[in-house]
Each structure stands twice: as structure tokens, then as C-alpha cells.
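Report on the structure given below.
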Amino acid sequence: MADTMTREQRHRCMSHIKGKNTKPERIVRSWLWHQGYRYRLHVKRLPGCPDIVLPKYSTAIFVNGCFWHAHEGCDKYRRPKTNIDFWTAKLQNNKARDERNYQLLHKMGWYVLVVWECQLMNDSRGTLIALSRRLSEIFLETNKAKIYNTTIDDSIPMAAEPMLEYK
Ligand SMILES: [Zn+2]
């Protein structure tokens, strides 16, 4: 198969890969693995070289460090006090590049999930559970499960059940 990546894409991929196997990434991988998900790592042929790719779920997961990916409104994302112009440009550039890659992946039919470093630091369990939940939803969506939206007629009385104790 021809190598269809442009030089620029390859460069982006390589520069992204420098940050691979970070602790936040390993936390997410380990969780997914133990939950029974199977994935590929750092898939170079996809835009942005996603950290974790779950083909069965058509999902690409990025585990983003808050600083390098310019997580807006995040405590961990503080621009350095020196060379402000340089850093502002660089980090905003990273952010714009991320957005472009997410859009490209969407167009290719991938779901894109971003897990932020700070989410894992603040509430890793909650973050990971939310991730699994989202993957289950995606699985249902991609497998075209029919969700019947029935409107409940207000005139029908709601069922009420007494509290039961299991004795
Ligand atoms: Zn953050």
C-alpha cells in the first residue's frame, strides 16, 4: 500500500509520538484493557496519530496533556511567563492542529473522544467510567440498534410500587 501521508502529516505524527506512553495514557489503556476492550496504539495512518484506536467501536481516543494541548479554562494549562508570544503561538497552533485532526477523523467516520490529563487527576474513576459508558453508546449507535422513542401519554397513570424489603 502506498504511503499516503504527506511530509507534514508524518512530521505531526512523529512530534505527537514523542509524548506517547504518558502516565495518563497508560491509566486509560490499562482501564480499557481490563474492561475487555481491545485497541491499537498510536495509529500513524490516521490524522493526528490517535493514542488509542478501537476499530470495533470506530473510535479514536486522544489522551491529552493539558499544557501541550492548551486545555482552555484548565488550571494545569498556564502559559509560561517568558517568551509569551512564542508560547501562545505554539500552543494555540497545537490546539488548532488538534481540531483539524478531529474534524478529519469525523469525516472519515470515526468517533473522537478526548480524555484530559486533569480529568484523570481529579477523578480518574469517574472519568474512566464515563469513557466506558460513552463507548457503549457508540457501540449501540454504530450497530444501528433501534431506539424506540415512545411518547408516554400523560393520561395513563404512573405505576406506583410500595417499598419492598427482602426478608
Ligand atoms: Zn485540563
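A short reminder: the numbers here are calculations on the coordinates, not readings from a lab. Predicted model, so just to flag it, every value in this text is computed and none were measured. Because the Cβ atoms are built from the backbone with ideal geometry, glycine has one as well, and the counts that use them run over all protein chains shown.
Observations, loosely collected:
- Ranked packing of 20-27, 74-81, most packed first, by mean Cβ within 10 Å: 20-27, 74-81
- Set K20/K44; K44/K107; K56/K107; K44/K90 screened for pairs whose C-alpha atoms are more than 20 Å apart: K44/K90
- Once the C-beta distance of L41 and D75 is scaled by a Förster radius of 25 Å, the resulting FRET efficiency is 0.30 to the nearest 0.05.
- Each residue of the range 58-67 was assigned a 3J(HN,Hα) from its phi angle through the Karplus curve 6.51 cos²θ - 1.76 cosθ + 1.60 (θ = phi - 60°); the sequence is 6, 10, 10, 10, 10, 9, 9, x, 5, 6 Hz, with glycine and proline shown as x.
- For GluC sites (Glu not before Pro), the sites in the range 45-135 that DSSP calls loop and that have at most 12 other Cβ atoms within 10 Å are E72.
- Label sites at A159 and T88, each approximated as a point 7 angstrom past Cα along Cα to Cβ, lie 6.1 nm apart.
- Cα gyration tensor shape for the range 66-109, rounded if a/c is under 1.5, else prolate or oblate: oblate
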